[in-house]
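No lab work stands behind these numbers, since they all come straight from the coordinates. The structure presented is a predicted model; accordingly, all values stated were derived computationally and were not measured. Note: ideal-geometry Cβ built from the backbone for every residue, glycine included; neighbour counts use all protein chains shown.
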Amino acid sequence: MLDDDMLADMLSDAPPPRTTSVTSRPIRQSFHVRLPQIDTGRYAVGVMAVIPGVTLWLGDARYTTQGWATSINVISAWFGQPVNVVLPTDPWWFFGVLIAVGLLYSLVEFGSHPMRHHRRYRLTWGAAFAFAVATDLLSTIIDVVYPTNATPFEAWLSDHLLIAIAWAALIAFLPEALLMGGWRVLRGR
């Protein structure tokens, strides 16, 4: 059994106990916390560019898809083998086709920059890029000039060729510019 002398001898080599002091002075601020400043004007401009950009982008995808269907129908009839390409009537399939076609064109037009690629592939990238831009614009022009299920505005456009071509060029390239510009504004770049 341990007696007091043995215990005192074991604890003699131990460090002295720490003393804790309590003070009652006010806490001093050693740093300031800065909260992030939200630029509401920047967000408003970004949202006001993205919302019409998405709407016009879907419109361009509709024109492009219907223009492709009309082109395939005309070309197949020209070869003597008429094919009647009809877009789906179910809204889910219709918007699925529109989004797929629109994304494909947008990725090629704005996701591939021919000059950023290795010299050996620039011609291929450039040809794909030129094909995408040309077919996007031409299929949009075809559906604006020869509309399917035309609204009164589209019927009026189809009667005025130069205005229809200007509208097709505007609707083919403005949506992506609004989307990309609005996204850059929202990201703060």
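For V47 and A150, what does the FRET efficiency come to when R0 = 35 Å and r is the distance between their Cβ atoms, rounded to the nearest 0.05?
It comes out at approximately 0.65.
Work out Dmax and Rg for the stretch 68-189 from the C-alpha atoms and quote the Rg first, both in angstrom.
Final numbers for Rg and Dmax: 17.0, 55 Å.
Tell me whether the stretch 59-112 comes out rounded, prolate or oblate; compute the Cα gyration tensor, take square roots of the eigenvalues as a ≥ b ≥ c, and use a/c under 1.5 as the rounded threshold.
Oblate shape, in that a/c is at least 1.5 and b/c is the bigger or equal ratio.
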